[in-house]
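Only the coordinates and a few stated rules stand behind these numbers; no lab work does. Nothing here was measured: the structure is a model prediction, and the numbers come from that model. Cβ atoms come from the backbone with ideal geometry, glycine included; neighbour counts cover every protein chain shown.
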């Protein structure tokens, strides 16, 4: 059982919404109908449709001015309060890990949610539930999941959000126990979350629960390590004109051809034909201390 102070980073999915729709009857179904929600679609995927909010602040405003939205949030919160582990995959995993649910004052949770109607609402309900149990809760949005075209950038944004969160925890609580709840969200989100967490020394464990399991699983840690030489070589392309960058990559024993790096989304070309290393790559290098190593290599070299 966990009793020491700890931080849990959740990726937030929509299991709460789908499970609520499956359990809804009577007044709850009437409420969903009055909001124009397709109940069958919500049962399958948790989708709400065009519901009227896309960020946390606008949802709070809607709760204040619309009684039907307020009743919807309250109904969801009651459902989660009565059946937390049945209602939410994230909570099912979380409570399975912490064990003693009476001692939560030492626990902090960071909710990483997509800036979509479903992500915002799921985060709001999780926030209400966890806060009512004495957990310190922080919500952080992740942009870029509203279309297939934006999805890759959304995953990069998720990487940045995780690294930012870990960096903030490291500054304020360098000895904190950090666990990542990779249960919620799309499967690629789970994959990216797990990979970044395995790379970062602040993370003590990554856990996950499947619909088929009754208990969460601590994911076995794979010994991953960033290739510092490759990453430094990649970062050295920043600001070069395209012909020079192509020449560097052609003669580099570490880097792939420039066009392949562009296909992978690792570098882009600006309007004035300069090469720009992707922001998420630079952020990863900075968060993992690689930038300092690259600068040191340049000074020594």
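Descriptive notes on the structure:
- Length added when fully stretched, residue 222-residue 187, from 0.36 nm per residue minus Cα-Cα: 10.8 nm
- Whether segment 85-221 is rounded, prolate or oblate, judged on the alpha carbon gyration tensor where a/c under 1.5 counts as rounded: rounded
- Length added when fully stretched, residue 205-residue 71, from 0.36 nm per residue minus Cα-Cα: 44.5 nm
- Highest mean first, the peptides 229-235, 92-98, 265-271 sorted by other C-beta atoms within 10 Å per residue fall in the order 92-98, 229-235, 265-271.
- Most mobile listed residue (226, 179, 264) in the chain, GNM with C-alpha springs under 10 Å: 264
- Euclidean distance of C-alpha centroids, segment 133-197 and segment 238-295, integer Å: 24
- Tilt relative to the chain, helix 56-65 - C-alpha long axis, 0 to 90 degrees, to 10: 20
- Inter-part distance where segment 32-74 and segment 106-122 are each reduced to a Cα centre, Å: 15
- Cα shape, segment 228-281, gyration tensor, a/c 1.5 rule: oblate
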